[in-house]
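Inspection log for the structure reproduced underneath, given as structure tokens.
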Amino acid sequence: MTGEATTRPPRFDAAFRAQFAELVRWRRDVRRFRLDAVAPELLERLLALTACAPSVGLSQPWRYVLVESDERRHAIRDNFLQANKAALEGYGGERQARYARLKLEGLSQAPVHLVVCADETTAQGHGLGRQTMPETIRYSVVAAIQTLWLAARAEGLGLGWVSILDPGAVRSALDLPPDWTFIAYLCIGWPEEEHDDPELERHGWQERTCAESVKPLKR
């Protein structure tokens, strides 16, 4: 019969749910990496999992670029240094001093540099859900990144999202296809240290909002 279930759904027990909650709590934005290589087959397996991420109209618009050449990596590093200098100048007093002490990227240590883009013109999905909210293409890519982030953490890998970059300069340095929108520059590798609290909280930049305060509005 059309639409009839052909496979039995999994049953996730209390132990699995507790482990999943622990995985979510231990997901960190990693900036401090060991220099050890990441096996290509491990990275391939993690990227394959992102095919299961939710996407508008089943468009699966995520596109990946591995940045391997020293020349392009140096260009991204220079991009960060310029953007970070501008960001620092936007603060003053003690906040500026705190910003200057933060480590905000792992570009020099991470063995894997992965760029994630959104294919804005993909024909897959036939435009379903995008005509009223075209930005959902980019939201779908972010969902894939979160899937990758958790999958990497489950393998003991760290992932850091470098957002202090000029997107236009990234596009130019990497010669990205014109229909791809740059979404994220990710550093991936084995963490140099492990913490169960965010680095920004640990270094006094911002405290995490407590779970009790996450309450929806009621209408």
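The values are calculated or read from the model by the stated rules, or taken from the named source; none is laboratory data. On a predicted model such as this, the values are computed, not experimentally measured, just so you know. Backbone-built Cβ (ideal geometry, glycine too); neighbour counts: all protein chains shown.
Numbers for the structure displayed
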item	result
From 63, 73, residue being more than 12 Å from residue 113 (Cβ to Cβ), surrounded by 15 or more Cβ atoms within 10 Å (Cβ to Cβ), basic (Lys, Arg) and at pLDDT 95 or above	63
Test result for residue 193, out of contact with any Gly (no Cβ under 6 Å at 6 or more places or on another chain), farther than 15 Å from residue 50 by Cα and either of a type in the set (Asp, Glu) or crowded, with 19+ Cβ neighbours inside 10 Å (or both)	yes
Residue within the range 167-179 that is more than 29 Å from residue 123 (Cβ to Cβ), under 15 Å from the mean Cα position of the chain (by Cα) and in contact (Cβ under 8 Å) with a residue 40 or more places away in the chain present	no
Residue match in the range 107-118 (condition: hydroxyl-bearing (Ser, Thr, Tyr), more than 23 Å from residue 21 (Cα to Cα) and surrounded by 13 or more Cβ atoms within 10 Å (Cβ to Cβ))	no
Options 102, 88; residue that is farther than 24 Å from residue 69 by Cα and in contact with a Leu (Cβ under 8 Å, 6 or more places away or on another chain)	102
Exclusive hit being assigned to a loop (DSSP other than H, G, I, E, B), of a type in the set (A, V, I, L, M) and farther than 25 Å from residue 119 by Cβ, set 97, 87, 37	37
Residues of the range 151-177 satisfying the condition of being surrounded by fewer than 17 Cβ atoms within 10 Å (Cβ to Cβ) and within 22 Å of residue 41 (Cβ to Cβ)	154, 155, 156
Residue 124 in contact (Cβ under 8 Å) with a residue 60 or more places away in the chain and farther than 20 Å from residue 172 by Cα	yes
Qualifying positions in the range 55-73 - among the small types (Gly, Ala, Ser) and touching a residue at least 12 places away in the same chain (Cβ under 8 Å)	55, 57, 59
